[in-house]
Amino acid sequence: MALVNEHFLKLQNNYLFADIAKRVNSFKVTHPKEKLIRLGIGDVTRPLAPAVREAMHRAVDDLGTVERFHGYGPEQGYSFLIDAIIKNDYTPRGVSLEPSEVFVSDGAKSDTGNIGDILRHDNSIGVTDPVYPVYIDSNVMAGRTGTLDGGKWSDVVYIPCTEENGFIPDLPVRRVDILYLCYPNNPTGTTLSKEELKKWVNYALANDVIIMFDAAYEAFIQNPDIPHSIYEIKGAKKVAIEFRSYSKTAGFTGVRCGYTVVPKELNGFTLDGRRVLLNSLWNRRQSTKFNGTSYITQRGAEAVYSPEGKKQVKESIDYYMGNARIMREALQECGLSVYGGSDAPYIWMKAPKGLSSWKFFEKLLYETYIVGTPGVGFGPSGEGYLRFSAFGDRNDTLEAMARLKKWLG
Ligand code: PLP
């Protein structure tokens, strides 16, 4: 008899976006003629950059020749992409990395979800709240979260990020071994300054904490003083793993590519206190369970760093950030409390009149035909908020804001 991993049974039945889809589907049954505008799910809408497409076409042609055929590649990624990552994403920011510290993957969801494989089941975890749900759910699966009570997991330390603290998390009240930070943040669209991030790195250094730093949205940062990488902070290589993604940066949500940096200065410990290089463990984990990102995909990702690629990708980012500005300004004009959208493609707004997240979601859906994402779906401190994504079409964004202005008077 095969016994199941019963931690999976603790997971809540519905994944947030499945829940939204269900409610949107029932709306469509009763309102078949109304034009819905989806500002909910964070998928991109702009096509792949021409430089990326051309590189991928060339890669397909490579695979059609005996000389340039590529079978299984290195599990860690091809050196042409790893070198481009180090040269473009890190060296200009004063961060030096060895190629063996970078692991190319099929995206940040897999890596942020799988990283727990190399850490014991009884580590305590801390998350800023609200946050990208994968951090919590993957730890539920691993048995690290305890039991769910009133929307909170008993063994998770929640670090609230709300209007009251300006979305700047305070140091945790209880000891944690592993801490998830996501900046620019999904869902609040807020960022941390160098000083604020330094506070976290110093805390981790002083308390032997490992920081999982998810920088999937770094390409959207506009303010030159906001750090793009946690390694811009002195000492961070001793305490942090960093996750990056081409999904939102370069429209790779369907192509699938990202990477994770595990510095060789970063140690974990055995129960008897021996130091272990997390880089070696992650390398071993990836070599066993992952067979590499496709050659075609990695050639496409490499092209993001070409001069044309950089220009084209920036055009898409500017387009999305234009949407973010339009939404931020329109919602502010409506008198709503609005956050994010300056250095991130998400707008986080307070529901008017003290409405709950789901109540506001339903009202928007049925009275303006706009789909947002209820903030409470990202954690207990998201209650009373709603997220809009800037990844939509420009005309849809404009129309949605016109509808909202009319609706809110
Ligand atoms: N990290 C955050 C914070 C995200 O919001 C997302 C996607 O929405 C991901 C990671 C997943 O990225 P990928 O498409 O690379 O798996």
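The values are calculated or read from the model by the stated rules, or taken from the named source; none is laboratory data. All of these numbers come straight from a predicted model, not from anything done at the bench. Cβ placement follows ideal geometry from the backbone for every residue including glycine, while neighbour counts extend to all protein chains displayed.
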> Right, VAL60: in a helix (DSSP H, G or I) and either within 23 Å of the chain's Cα centre (by Cα) or modelled with pLDDT of 95 or more (or both) or not?
Replying inline: yes
Per the filter on segment 1-30, residues over 29 Å from the mean Cα position of the chain (by Cα), modelled with pLDDT under 95 and either in a loop (DSSP other than H, G, I, E, B) or within 18 Å of PRO345 (Cβ to Cβ) (or both) are MET1
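Residues checked against (1) assigned to a helix (DSSP H, G or I); (2) more than 16 Å from the ligand (Cβ to nearest atom); (3) closer than 20 Å to ARG256 by Cα:
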{"residue": "GLU54", "(1), (2), (3)": "yes, yes, yes"}
{"residue": "TYR72", "(1), (2), (3)": "no, yes, yes"}
{"residue": "GLN76", "(1), (2), (3)": "no, yes, yes"}
{"residue": "LEU97", "(1), (2), (3)": "no, yes, no"}
{"residue": "GLY116", "(1), (2), (3)": "yes, no, no"}
{"residue": "ARG120", "(1), (2), (3)": "no, yes, no"}
{"residue": "ASN123", "(1), (2), (3)": "no, yes, no"}
By residue number, the members of segment 152-186 that are farther than 23 Å from ARG244 by Cβ and within 16 Å of the ligand (Cβ to nearest atom) are none
message: Just checking, does segment 1-18 include any residue being surrounded by 11 or more Cβ atoms within 10 Å (Cβ to Cβ), small (Gly, Ala, Ser) and closer than 24 Å to GLU383 by Cβ?
response: no
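So that you can scan it fast, the table gives a plain yes or no per residue for (1) β-branched (Val, Ile, Thr); (2) touching a strand residue (DSSP E or B) at 6+ places or on another chain (Cβ under 8 Å); (3) under 24 Å from PRO374 (Cβ atoms):
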position: HIS7; (1), (2), (3): no, no, no
position: LYS28; (1), (2), (3): no, no, yes
position: LEU36; (1), (2), (3): no, yes, yes
position: LEU39; (1), (2), (3): no, yes, yes
position: THR45; (1), (2), (3): yes, no, yes
position: ARG53; (1), (2), (3): no, no, no
position: MET56; (1), (2), (3): no, no, no
position: ASP62; (1), (2), (3): no, no, no
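Rundown of residues vs (1) within 16 Å of the ligand (Cβ to nearest atom); (2) touching a Gly at 6+ places or on another chain (Cβ under 6 Å), yes/no style:
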position	(1), (2)
THR188	yes, yes
LEU205	no, yes
ASP208	no, no
ASN223	no, no
LEU271	no, no
Residue set GLU164, GLU195; condition under 20 Å from ILE210 (Cα atoms) and without any contact (Cβ under 8 Å) to a residue 12 or more places away in the chain; output residue GLU195
In segment 252-270, residues that are touching a residue at least 40 places away in the same chain (Cβ under 8 Å) and over 14 Å from the mean Cα position of the chain (by Cα) total 8
inquiry  = Would you confirm whether or not segment 43-50 contains a residue that is part of a helix (DSSP H, G or I) and surrounded by 15 or more Cβ atoms within 10 Å (Cβ to Cβ)?
reply    = no
**Message:** For segment 374-385, check the following and say yes or no: at least one residue is over 21 Å from the mean Cα position of the chain (by Cα) and assigned to a helix (DSSP H, G or I).
**Reply:** no
Among SER316, SER306, SER337, the single one that is of a type in the set (S, T, N, Q) and either crowded, with 22+ Cβ neighbours inside 10 Å or under 22 Å from the mean Cα position of the chain (by Cα) (or both) is SER316
Discussion item. Against the condition at negative phi and away from the ligand (no atom under 16 Å from the Cβ), how does PRO130 come out, does it pass?
Written reply: no
Meets criteria (surrounded by fewer than 20 Cβ atoms within 10 Å (Cβ to Cβ) and in contact with a Pro (Cβ under 9 Å, 6 or more places away or on another chain)) for LYS234: no
Checked against (1) closer than 20 Å to LYS237 by Cα; (2) surrounded by fewer than 18 Cβ atoms within 10 Å (Cβ to Cβ); (3) touching a residue at least 24 places away in the same chain (Cβ under 8 Å), ARG274 satisfies every condition except (3)
Sole miss for CYS182 among (1) without any contact (Cβ under 8 Å) to a residue 60 or more places away in the chain; (2) in contact with a Pro (Cβ under 8 Å, 6 or more places away or on another chain) is condition (2)
Note: among THR260, THR270, THR253, THR249, just one is at pLDDT below 95 and β-branched (Val, Ile, Thr), namely THR249
Of the residues in segment 246-259 that are more than 21 Å from GLU308 (Cβ to Cβ) and buried (at least 24 other Cβ atoms within 10 Å of the Cβ), the one that is nearest to the ligand (Cβ to nearest atom) is GLY258
Within segment 229-245, restricting to residues that are hydrophobic (A, V, I, L, M, F, W, C) and within 28 Å of VAL313 (Cα to Cα), the one that is farthest from the ligand (Cβ to nearest atom) is ILE233
